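Okay, structure first, notes after.
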Amino acid sequence: MTTTPPATTPPGISPVLAEDERSGFVEGLHRGSLVLLAADGSVERALGDPDRPVFPRSSNKPMQAAALLRAGLDLSGERLALAAASHSGEPFHLDLVRTMLAEYGLTAGDLQTPPDLPLDPVAAEAYLAAGQVRERVTMNCSGKHTAMLAACALNGWPTDSYLHVDHPLQKLVRIVVEEAAGERVAAVGTDGCGAPLMALSLTGLARAFRTFVLAEPGTAERRVADAMRAHPEYVAGTRRHDTWLMREVPGALSKMGAEAVQAVALADGRALAFKIEDGGSRAIGPVLARALELLGIENEVVGRIGSSPLLGGGAVVGGVRAVF
């Protein structure tokens, strides 16, 4: 018989958003915080403490990309989507990164991303089978870093210190982040790719995504949102839920971040953001699917996003499921 977590959560402890059920037994719990915004921007539902600052990780990338446009970099289409990407390292991603480097007179050696393998496991297997090794270009943030370097070259800013928090580009990123979120950055850290990382509340993160989808056409924010929605496979990859959601729900803007962060805005201004405290990525899909259902999304893709099976001996013996 399946057991369930307590109906109430003690003060100071985040509620359970998802649980791992294996063979009828709950073997793990995923606690976290979540916020849903109505179309008018008001908080429709809040779980946990969505006003506590978190590091949004790559969910901040749309704001970083908008800062590049404000800095005068002329990007559009797939190139702008890739500048806001956590790409999977599939061949078409790496081809465009290399093309962009060449277009701006840069080389892979200019990138300060850590060498890495493709994020997508299928792409990583093919990459290794071809005898290739970890490269800076292959790291999932290489599109963003290429665009950052290009913006620096355009403005005559130093390229060797483009990741320093006091660099003119990163100061501009902070301005865009704070304007979009409607709150001050609570802390600054270092992201996995080496770039400065601005902390926001989940409510502020949801507001930022709402700002992007509702921005006036032609603004930096709207240009980023439009490019991401038109070319979602460049934002993520062919086997990623961000791609599926933006491809199949008209007007949706979606971006995950490391350590189980997710933000989404819909065309009418409804939005959501959440973080799983343990960073467990396998809980993202089920929690996201349930949040989309609560926002009224009825689409086949929701079920696909929510599927997170657990295997035993190669067979499905359970799964991760949302419990809110």
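The values are calculated or read from the model by the stated rules, or taken from the named source; none is laboratory data. The structure displayed is predicted, hence computed values, not measured ones. Note: ideal-geometry Cβ built from the backbone for every residue, glycine included; neighbour counts use all protein chains shown. The protein model used for the area step is the full one, side chains on, heavy atoms only, and it has no ligands, DNA or RNA in it. Shrake-Rupley method; radii C 1.70, N 1.55, O 1.52, S 1.80 Å.
A few points about this structure:
- Residues whose amide H lies under 5 Å from that of GLU277, counting only those 5 or more places away or on a different chain, are ARG31, GLY32, SER33; hydrogens are built 1.01 Å from N in the peptide plane.
- For the chain, the list of Cys residues with no other Cys C-beta under 4.7 Å reads CYS152.
- In the elastic network of the chain, a GNM with C-alpha springs shorter than 10 Å, the most mobile of THR190, THR243, THR113 is THR190.
- Amide H contacts under 5 Å for GLY28, placed H, 5+ residues apart: ASP20
- Nearby aspartates and glutamates by direct alpha-carbon distance to LYS275 (threshold 19 angstrom, same-chain neighbours under 8 apart not counted): GLU19, ASP20, GLU44, ASP49, ASP51, GLU183, ASP191, ASP242, GLU259, GLU293
- Shape category assigned to the stretch 1-153 from the gyration tensor of Cα positions, a/c cut at 1.5: oblate
- Alpha-carbon centroids, the stretch 154-220 and the stretch 92-145: separation in whole Å: 23
- For VAL54, residues with placed amide H under 5 Å, excluding near neighbours: LEU200, SER201, LEU202
- For the chain, modelled as a GNM whose springs connect Cα atoms under 10 angstrom apart, the maximal fluctuation among HIS167, HIS93, HIS231 occurs at HIS167.
- Across the stretch 280-291, coupling constants 3J(HN,Hα) worked out from phi with the 6.51/-1.76/1.60 Karplus curve, θ = phi - 60°, read x, 5, 5, 8, 4, x, x, 5, 4, 4, 5, 4 Hz, and Gly and Pro carry x.
- Signed unit charges on C-beta, dipole axis of the chain, positive-most listed residue HIS145, VAL317, LEU272: LEU272
- Whole-Hz couplings from phi, Karplus 6.51/-1.76/1.60, listed for the stretch 157-174; x for Gly and Pro: 7, x, 9, 6, 10, 5, 9, 6, 4, 8, 5, x, 5, 5, 5, 5, 4, 4
- Taken per residue, the accessible surface of the stretch 221-324 reaches 36 Å², heavy atoms only and a 1.4 Å probe.
- The stretch 112-188 shape via C-alpha gyration tensor axes, a/c threshold 1.5: prolate
- Lys, Arg +1 and Asp, Glu -1 on Cβ, resulting dipole of the chain about Cα centre, debye, nearest 20: 180
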